[in-house]
Structures are given as C-alpha cells and as structure tokens.
1. Mind counting the residues in the range 35-71 that are surrounded by 14 or more Cβ atoms within 10 Å (Cβ to Cβ) and closer than 17 Å to residue 87 by Cα?
2. Given (1) among the small types (Gly, Ala, Ser); (2) modelled with pLDDT under 95; (3) part of a helix (DSSP H, G or I), identify the lone condition not met by residue 70.
3. Any residue at all in the range 79-87 that is in a loop (DSSP other than H, G, I, E, B) and at pLDDT below 95?
4. Here are 29, 67: which of them is in contact with a Leu (Cβ under 7 Å, 6 or more places away or on another chain), among the β-branched types (Val, Ile, Thr) and touching a residue at least 12 places away in the same chain (Cβ under 8 Å)?
Amino acid sequence: MRQAYIFCYSSDVGTRDTVTDVIDKLPSVLNWRYELPNTFLLVSEKSADDLAKEIRRHLGKGRFIVVELGPNRQGWLLPSAWKLIKDKHDPE
C-alpha cells in the first residue's frame, strides 16, 4: 500500500541537487516533491525502515529522518503538496 513520508536531512548529507539525483534513481520512490529546505515528501510502497536503508546506501553520510505521514498532520503547504500527501500521487 502506498504511504506518504517526510524525508528531512542535514546539510552534511549533500546539496539539494545531490539528494534529488538520488531520490530520482530510487525505484521504491514512486513520487516525490521538494517542499521545504532540506525536506522532501516521498510516496512509496516500502516502509520507512526500507527507505532509510536505501537512502543511506546511496548517500552514505549525514543525518536524516524518514517519517510516515499519518492523519494527524497540519501545516502551511501548497494545495498540491497536500494532494500528494492525501492521494499519494503528484497532481501536477
């Protein structure tokens, strides 16, 4: 089942371009969106543990967190970001 995740990483992981290149190549990431500094929204059928292991394998350094986004959430994002979180696909 598809899940939405938030992936936040420290600057020592790499630049936004470096991380984007890795996220683009991960077959387990079905959709993604860069929404805030050092933060991606990810959609995957894999668990947070599986995603974290895959990301670590490709990036190899730095601190990060992968957290499943459940129904108890709130914030100020673009409508398209909320649609990705809710529907698990990129509306654009």
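1. 8
2. Here residue 70 clears every test but (3).
3. no
4. On the way: 67 fails: in contact with a Leu (Cβ under 7 Å, 6 or more places away or on another chain).
None of the other options fit; the residue is 29.
The values are calculated or read from the model by the stated rules, or taken from the named source; none is laboratory data. Just so we're clear, the structure is a prediction, and the values are computed from it rather than from any experiment. With ideal geometry, Cβ positions are generated from the backbone for all residues, glycine too; neighbour counts draw on all protein chains shown.
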